[in-house]
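Student: One structure follows; several queries about it will come next.
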Amino acid sequence: LRTAKENNVDLILMDSRGRGILKEILLGSVSEGVVRKAEIPVMVVRHKAKVERLFERILYAHDLSEYAGRVMKYVKYVAEKLGSEILLVHVIEKGEALEKDKLEAVEAELKDFNVKTIIGHGSPHKEILKIAKDEKATSIFIGSRGAGSITELLLGSTADAIIRYSKIPVFVSRV
């Protein structure tokens, strides 16, 4: 992180090798730690992952929060430059209702792009990963609050779980 700051880089690209389930559960992964502390976007690529056509089908995970909205500029930039399809994914957790007005506002901001909106139901990280697999997404873009709450520090965030279990590259931004 210090090197990135000193060299004024725009993106940290990391390999995620995994170091075993027990060590990862007890210590967390290096990539998760970097994502939590980075002030710039981080893209985590699973070791030995296929990365051809990396941005062909971007899964843009959006919880309708300002944090997810901040990732949109990156999604739009990549989609515009490379002609990517955007899979706009929103997951409704148990006991929640769809905030249709907010979702429609996000869709309106993406009106000039090739977008498919998908609504999942259940655990956000599980649904996002399932949809990524089912829809053959080539990368996942997600926002993160960073190390903000005690719950997030103890249990991990949706972004942490996606980084840990995704088989495709994950772009995470806190900005």
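Student: Straight-line reach from Lys73: which lysines have Cα under 19 Å away, leaving out those fewer than 8 places along the same chain?
Tutor: Qualifying lysines at Cα under 19 Å: Lys81, Lys102, Lys111, Lys116.
Student: Next question. Would you list, by chain and number, the aspartates and glutamates whose Cα falls below 14 Å from the Cα of Lys136, excluding same-chain residues fewer than 8 positions away?
Tutor: Glu52, Glu56, Glu85, Glu127
Student: Further, regarding this structure: Enumerate the calculated ³J(HN,Hα) couplings along segment 100-109 in order (Karplus 6.51 cos²θ - 1.76 cosθ + 1.60, θ = phi - 60°), each rounded to whole Hz, writing x wherever the residue is Gly or Pro.
Tutor: So the Karplus estimates, Gly and Pro as x, are 4, 4, 5, 5, 5, 5, 5, 4, 5, 5 Hz.
Student: Short version: ³J(HN,Hα) in whole Hz for each residue of segment 135-142, in order, from phi by Karplus 6.51 cos²θ - 1.76 cosθ + 1.60 (θ = phi - 60°), x for Gly and Pro, what are they?
Tutor: Along segment 135-142, the couplings run 8, 6, 5, 9, 7, 10, 10, 8 Hz.
Student: Separate question: Would you mind checking which residues have amide H under 5 Å from Val91's amide H? H placed 1.01 Å from N; only 5 or more apart, or other chain.
Tutor: Close amide H contacts, sequence-distant or interchain: His62, Gly120.
A short reminder: the numbers here are calculations on the coordinates, not readings from a lab. Model, not experiment: these values are computed from the prediction.
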